[in-house]
Structures are given as C-alpha cells and as structure tokens.
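Single-structure report; data block below.
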Amino acid sequence: MLESQELRAAGHVAYSAYYDALHEDDYLLQDEMADPIAFIAKSDPDTMYFHQAMKQPDRKQWRAAVVKEVNDHIERKHWRLIPRTEVPDGFEVLPAVWSMKRKRNIKTREVYKWKARLNVHGGKQTYAVNYFETFAPVVQWISIRLILVLALLNNWHTRQIDFVLAYPQADIEFDMYMELPAGIETKYGNGKTHVLQLLKNLYGQKQAGRVWSQHMTKGLRRIGFRPSAVDECVFYRGNVIFLVYVDDGIFASPRGADKSTPAAPTKLLRRDAAAPAFDGRFNYRSVIGKLNFLEKSTRPDIAYATHQCARFSADPRRPHGDAVMHLTKYL
C-alpha cells in the first residue's frame, strides 16, 4: 500500500515537472505582461496609405487601383457630389482615408492584385450625432468547425464566397458628408469647393459592420433563409446551410441538391401562355446571355438546354424560370 502511494506521488511530481517545462514560454510571457514596457511594432510592407503608395515603384498600378475603386462607387451611386455650401449647418465633413494593399500569391509571393479601398475616417465620428450601436455579430468558430466536419462525414458540397463591395450595398444610417479622396478631382471642382454626400454604407464608419449585417440578414430572410436559434450567423433554407463571417460566407449542402443533367429529361419546355408569369427573381435575359457564353466556350454539354430556355426570353413563364434554375444548379 505504501509503495503504491509513493509511486503515485512520484508520478505526480514527474507530470508537474513535465507540464511546467511544456508551458515555460507561457509563464515567461505572463511575467513580461505583468510589467509591460513596450512591444516591437511589426509593419506589413504591402499595406500602406495613399501618400506612401504614390512613392512606390509600382505607383502606376496603384493609380489604376484608385481609379477602379472610385469608378465602382460612382457606378453604384454610393455618393453624390455637392457644393460645400450645401452641407447643412452643424454637420462635420469627415476625412476620406485610402487603404492600399498588395495581394500576393501565397506560393510564389508574386503580386497579383493592387487593392485600393476608400474609407470614411470613422475616428472622427461623434456618438449620438452620426452613430449609436456598433456591435456586429460573426459566426462562432465552433459553428464553422461543426458544419465542416459534418460536410466531410456526409460528403456534402461546400462553397466559399466573398461579397464584392459588401458594406456599401446597405443604405447609410445617418446623413454623412465626406471630403474628396486624395488624388481625386472632378470637372465641377476640387476638394475646396465640393464634398461627397454619402448615400450608402461606406467602409470605415464605426457602425459599418453592424449596418451591413442587418442589411444582409434582411436580404437572406427575404429569399427564405432563417437564422439559427443558437448562432445568429448560421442560416438555413431547406437542406442548405449558410455561415457568415462579416463579408465572407460558406455554403454547405448535401449533394442531392445538385442536378445530374442540364434539363429535366421528361419535361419539354413550351410557350405555356396559361402558366403563371416568371416572378423576376433574377434577370432572365442576362442569365441566358451568360449561359450562351459558357456553352459557346467551355460547356457544350449545356447547349441544348440553354437554347430551349433562350426561346422564351421575350415572355418567360414560371416553368421557364425553373428550367434556368435547374440548369444553373447543374453547373
């Protein structure tokens, strides 16, 4: 009995020594954090401001990225150019901030994209004047792990997506005005005479993430998705699961959701004037145009189904819309 107790005690001492050695670095870090003085700042040479980018050897590519960003905002009507004299009294004109980033191939480290993102200077916002709540939920890591494990075990399809210019898809929450971005002038005037009245939820605002999250949730609900009662960033519709992390998402669905043929083998499309009209949930003609491009270039297998759907572009009915959806699910 005594020998057994001694063995257990010796084992406990050995395990304690092993545990302490294993976590020696953690203990050292705790000691350093108890009386911190300074930490070394680490900067990313591929991330910079506008004035820094204009001094780089690749400033030509940076200029092209700036022009593309501004044109994208203009085409989507994210703001309105107004004379500075039209800004109401008491409204502060917030600075515009450029965030520049080189994106590199993870293997070769070659630059494949120069990204310029235009932001409002959220640090200049005033509480209760142009923002209130700022919290925006994101999917929990345990939810991501669980769904991916289930997808692996059950051989589900998964697809990762990224929303393009996500935040500005939502309307602005408060009336806001922004200075013209550095490097930009218009034929109507410059930053001294004109400002931008924001119409959409531009990046950089304190509440931008929250406004986008609410807008996206409303849109998902409108097309039939419902949030989980456990994690509000997990959505369900039928057998499709959608996880959202800010402006990135993951779809997961059993393989049965896909179609094995471009068209239903036992159904022939007709004019069918008595059928209900197509509900317009997507631009029928635009999708047909994209399908035509695909079948002419790399997908001859969808030629017959595409041509059948294209016959009814002038007056599509619900069965025609369903046929297009069948075809896109096949792809």
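Structure above, values below:
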quantity: Residues located in region 80-132, provided they are more than 19 Å from residue 200 (Cα to Cα), of a type outside the set (Val, Ile, Thr), open to solvent by 90 Å² or more (accessible area, probe 1.4 Å) and assigned to a loop (DSSP other than H, G, I, E, B); calculated: 89, 107, 109, 110
quantity: Qualifying residue in region 177-199 (condition: among the hydrophobic types (A, V, I, L, M, F, W, C), modelled with pLDDT under 95, touching a strand residue (DSSP E or B) at 6+ places or on another chain (Cβ under 9 Å) and farther than 24 Å from residue 153 by Cβ); calculated: yes
quantity: Residues within region 181-222 that are part of a loop (DSSP other than H, G, I, E, B) and crowded, with 20+ Cβ neighbours inside 10 Å, tallied; calculated: 6
quantity: Residue within region 311-331 that is closer than 25 Å to residue 148 by Cα and part of a loop (DSSP other than H, G, I, E, B) present; calculated: yes
quantity: Positions within region 63-79 being in a helix (DSSP H, G or I), open to solvent by 80 Å² or more (accessible area, probe 1.4 Å) and within 20 Å of residue 173 (Cα to Cα), in sequence order; calculated: 74
quantity: Number of positions in region 270-280 that are at pLDDT below 85 and farther than 14 Å from residue 314 by Cα; calculated: 1
quantity: Within region 273-291, tally of residues that are open to solvent by 20 Å² or more (accessible area, probe 1.4 Å) and part of a helix (DSSP H, G or I); calculated: 5
quantity: Selected residue (criterion: least open to solvent (accessible area, probe 1.4 Å)) from residues of region 152-173 that are modelled with pLDDT under 95 and part of a strand (DSSP E or B); calculated: 161
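Quick grid of which residues meet (1) of a type outside the set (Val, Ile, Thr); (2) free of Cβ contacts under 8 Å to residues at least 24 places away in the same chain; (3) touching a Cys at 6+ places or on another chain (Cβ under 8 Å); (4) surrounded by 15 or more Cβ atoms within 10 Å (Cβ to Cβ):
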{"residue": "271", "(1), (2), (3), (4)": "yes, no, no, no"}
{"residue": "293", "(1), (2), (3), (4)": "yes, yes, no, no"}
{"residue": "299", "(1), (2), (3), (4)": "yes, no, no, yes"}
{"residue": "309", "(1), (2), (3), (4)": "yes, no, no, yes"}
{"residue": "312", "(1), (2), (3), (4)": "yes, no, no, yes"}
{"residue": "318", "(1), (2), (3), (4)": "yes, no, no, no"}
{"residue": "321", "(1), (2), (3), (4)": "yes, no, no, yes"}
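The values are calculated or read from the model by the stated rules, or taken from the named source; none is laboratory data. The structure displayed is predicted, hence computed values, not measured ones. All Cβ positions, even for glycine, are placed from backbone atoms using ideal geometry, and neighbour counts span all protein chains on display. All accessible areas refer to the heavy atoms of the entire protein, side chains included, with ligands and DNA or RNA removed. Shrake-Rupley method; radii C 1.70, N 1.55, O 1.52, S 1.80 Å.
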